[in-house]
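Here the structure comes first, spelled out in structure tokens, and everything after it is commentary.
The values are calculated or read from the model by the stated rules, or taken from the named source; none is laboratory data. Nothing here was measured: the structure is a model prediction, and the numbers come from that model. Here Cβ is always computed from backbone atoms with ideal geometry, including for glycine, and neighbour counts include all displayed protein chains.
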Amino acid sequence: MEHILVTGGTGFIGSHTVVELLRSGYDVTILDNLSNSEASVVDAIEQIAGRRPALIVADLLDAAAVNAAFDGAHFDGVIHFAGLKAVGESVQKPWWYYHNNLTGSLNLFDAMAKHGCKTIVFSSSATVYGPDNPSPYVETMSTSATNPYGWTKVMIERILTDYTAAHPDFCAVLLRYFNPIGAHPSGLLGDDPNGIPNNLMPYVARVAAGQLPKLTVFGDDYDTPDGTCLRDYLHVVDLAKGHLSALEYAKDHTGAEAFNLGTGNGISVLELINAFMKENHIDVPYVIGPRRDGDLPGFWANADKAKEVLGWTAKLDVNDMCRDAWTFIQTPKD
Ligand code: NAD
Ligand code: UD1
């Protein structure tokens, strides 16, 4: 049985991925500093998967603690989710984003190298395609970024690519996520940001639940079919399964390889709101407001490479995403 270290495993995408790993027979140890998640997520994971992952509460910035995790167990591979992810905050606190995401990753890679761990699956983002590439985005396109968060993803991809060039027995799978939304259908795991959400789906769900008065749609004057921005939303459970495909791939490949994980379809803000209202039979009051600085009119994946090479495609549709996000927000939290 293989043992996987999952950094950031109590977070939104990490927790869903740990469920899928446990269900597929992997042993899992989570390393997380709980800066954006709760230890109780492990209970929810156990309830769903019927098995409990180990949890090490530690910070990737603490190199000794990261090495101690590798001293304490043999890991066959690492899935690296841990990082800070708020674009606006990264513009306000660039040093903190570079330090947390880059130093934390370097400490992890160093411990892997010292302990002979040669497989990593890294959480990258569609944001690495920068502002100028046309959609659909293809993995061969150039990478760049418009904010410190995005640059950390570009840089970590570069570091892993250079490391694999120097160490030909190492495998780094760079997964470029599009817009993961939804929640576990049990209602026990989901996207539960602290404070007022930045992202669309958690905001929609809180308005529907009466926790926020109304949604502001950021601009309806884009050059898109209904004037609102297009995004490639994918269900977080589909995304989680993509990590298992990536681990399978790493068993007989070396080198660094990037894959888009998206559906390949762009849908608009208004389409998503309407789907949520129809699927859940609930009103989501909204107003049209000004554009949000930094938003791109539309981007979506070319998802062919993940299908052909990893054998992965997104199976769940926008109605599943809306239903599960609504179930999650209605499920009482301890
Ligand atoms: P999340 O914030 O829910 O999970 C990240 C986890 O990492 C949290 O549990 C947090 O406590 C932990 N963490 C942060 N810094 C740490 C550190 N220094 N040491 C140990 N633990 C630390 O975020 P998520 O949405 O699950 O995203 C996971 C990864 O996927 C992130 O790297 C993010 O940048 C990337 N990503 C997310 C999205 C998205 O839409 N959610 C899109 C593209 C890429
Ligand atoms: C944002 C990040 C991106 C990150 C992604 C997932 C920015 C510029 N980009 O992408 O790097 O990978 O989150 O975490 O922040 N919207 C509204 N009203 C709202 C919230 C959002 O109309 O209250 C619209 C936005 O204008 C956008 C769409 O909904 O068109 C999706 O927004 P969001 O969920 O924040 O994701 P992205 O902007 O695509």
(Q) I need a count of the residues in segment 156-196 that are surrounded by fewer than 17 Cβ atoms within 10 Å (Cβ to Cβ), modelled with pLDDT of 95 or more and either within 13 Å of ligand 1 (Cβ to nearest atom) or aromatic (Phe, Trp, Tyr) (or both). (A) 1
Q) In segment 1-50, what residues are within 7 Å of ligand 1 (Cβ to nearest atom) and in contact with a strand residue (DSSP E or B) (Cβ under 9 Å, 6 or more places away or on another chain)? A) THR7, GLY8, THR10, GLY11, PHE12, ILE13, GLY14, LEU31, ASP32, ASN33, LEU34
Q) Just for segment 227-243: of the residues that are farther than 26 Å from GLU38 by Cβ and either away from ligand 2 (no atom under 12 Å from the Cβ) or hydrophobic (A, V, I, L, M, F, W, C) (or both), which one is surrounded by the most Cβ atoms within 10 Å (Cβ to Cβ)? A) CYS229
Q.
Tally up the residues in segment 108-146 that are touching a residue at least 60 places away in the same chain (Cβ under 8 Å) and within 13 Å of ligand 2 (Cβ to nearest atom), please.
A. 8
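Could you tell me how many of the residues in segment 301-316 are closer than 30 Å to ASP283 by Cβ and buried (at least 17 other Cβ atoms within 10 Å of the Cβ)?
Applying the first criterion (closer than 30 Å to ASP283 by Cβ) to segment 301-316 yields 314-316.
Okay, now just the ones that are also buried (at least 17 other Cβ atoms within 10 Å of the Cβ), so 314, 316.
Qualifying residue count, segment 301-316: 2.
Could you please let me know if VAL204 is more than 23 Å from GLU248 (Cα to Cα), buried (at least 23 other Cβ atoms within 10 Å of the Cβ) and touching a Gly at 6+ places or on another chain (Cβ under 7 Å)? Lay out the reasoning, then the answer.
Values: more than 23 Å from GLU248 (Cα to Cα): yes; buried (at least 23 other Cβ atoms within 10 Å of the Cβ): yes; touching a Gly at 6+ places or on another chain (Cβ under 7 Å): no.
In short, no.
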Q: Only one of these is touching a residue at least 12 places away in the same chain (Cβ under 8 Å), farther than 26 Å from ASP238 by Cα and not in a loop (DSSP other than H, G, I, E, B): LEU102, LEU160. Name it.
A: LEU102
Q: Kindly indicate whether any position in segment 66-88 is assigned to a helix (DSSP H, G or I), closer than 27 Å to ALA301 by Cβ, within 16 Å of ligand 2 (Cβ to nearest atom) and modelled with pLDDT of 95 or more.
A: no
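Take ASP221 and tell me if it is farther than 16 Å from ASN280 by Cβ, surrounded by fewer than 20 Cβ atoms within 10 Å (Cβ to Cβ) and without any contact (Cβ under 8 Å) to a residue 60 or more places away in the chain. It would help to see each step written out before you state the result.
On the way: farther than 16 Å from ASN280 by Cβ: yes; surrounded by fewer than 20 Cβ atoms within 10 Å (Cβ to Cβ): yes; without any contact (Cβ under 8 Å) to a residue 60 or more places away in the chain: no.
No: the conditions fail for ASP221.
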Q) Pick from LEU61, LEU102, LEU106, LEU31: which is buried (at least 22 other Cβ atoms within 10 Å of the Cβ), at pLDDT 95 or above and out of contact with any Phe, Trp or Tyr (no Cβ under 8 Å at 6 or more places or on another chain)? A) LEU31
Q: Give me the pairs, please: first residue somewhere in segment 75-88 and of a type outside the set (Gly, Ala, Ser), second residue anywhere and part of a loop (DSSP other than H, G, I, E, B) and crowded, with 23+ Cβ neighbours inside 10 Å, beta-carbon distance under 8 Å, and either six or more positions apart or on two chains.
A: ILE79/GLY9; HIS80/GLY8; PHE81/GLY8; PHE81/GLY9; PHE81/GLY11
Q) Within segment 229-250, restricting attention to residues that are of a type in the set (Gly, Ala, Ser) and in contact with a strand residue (DSSP E or B) (Cβ under 8 Å, 6 or more places away or on another chain), which residue is farthest from ASN179 (Cα to Cα)? A) ALA250
Q: Would you check if there is a residue in segment 203-216 being over 29 Å from TYR163 (Cα atoms), within 12 Å of ligand 2 (Cβ to nearest atom), in a loop (DSSP other than H, G, I, E, B) and not aromatic (Phe, Trp, Tyr)?
A: yes
